[in-house]
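Reviewing the structure listed below.
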Amino acid sequence: MHQPLRSLGDLRTVLPALLLLCLGVACTGQGAPQIVVKGATVQVSDAIKGSASSFMFVINDGRGEDNLLACVIKEYPLVYVELHDIVGGKMTMVKEIPIPARETTALKRGGLHIMFTGFPEETEKKVTLILTFEKSGPIEVSATVLS
Ligand SMILES: [Cu+2]
């Protein structure tokens, strides 16, 4: 059986502990992410045929972190997609792109980006990217194609 608090003294011991516990939970980034993507582009490479990179700002105004896990081009679902980072000047495949809480993560030239292989030569001026986040699930984003 649980012992009831016997005195005010016990309460004084328990309350700070509870407060610390709550603060601890708040600091670990518990809570839901809230993701908005802005400025998405797909830059078609003029050096490598069928190669293209996507850049964007992933804004997370929520209290929880998230991870970008995958991307599909809605209009061209067969285009091969990888998530890339530049490490030590070299393009490196990554399994996921971390999206910290209350931060804007920039996918940009020379850094984190989405890489396409087999991107069609002729496309519409905009394509729809379906970005899959670990917690937020799929989010559709319109991206301007730059060639
Ligand atoms: Cu790349």
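A short reminder: the numbers here are calculations on the coordinates, not readings from a lab. Given the structure is predicted, the values throughout are model-derived calculations rather than measurements. Glycine also receives a Cβ, built like all others from the backbone with ideal geometry; neighbour counts cover every protein chain displayed.
Values as computed for the structure displayed
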{"item": "Within-15-Å neighbourhood charge of Ala40 [Cβ basis; K, R +1; D, E -1]", "result": "+3"}
{"item": "Fully extended contour minus Cα-Cα distance, from Thr104 to Glu140, at 0.36 nm per residue", "result": "11.2 nm"}
{"item": "Asp61 versus Ile86: modelled label distance in nm, points set 7 Å from Cα along the beta carbon direction", "result": "3.1"}
{"item": "Surrounding net charge for Glu65, when Lys and Arg each add one and Asp and Glu each subtract one, Cβ distance under 13 Å", "result": "-2"}
{"item": "Per-peptide average of other Cβ atoms within 10 Å, ordering 114-120, 46-52 highest first", "result": "114-120, 46-52"}
{"item": "Violating pairs (Cα-Cα greater than 21 angstrom) within the set Lys38/Lys90; Lys95/Lys135; Lys49/Lys125; Lys38/Lys108; Lys74/Lys125; Lys38/Lys135", "result": "Lys38/Lys90"}
{"item": "Overall Cα dimensions of region 35-146, principal axis frame, Å, largest first", "result": "41, 32, 21"}
{"item": "Amide H within-cut-off set for Val94, under 5 Å, with H built and near neighbours excluded", "result": "Leu83, His84, Asp85"}
{"item": "Within-9-Å neighbourhood charge of Val145 [Cβ basis; K, R +1; D, E -1]", "result": "+1"}
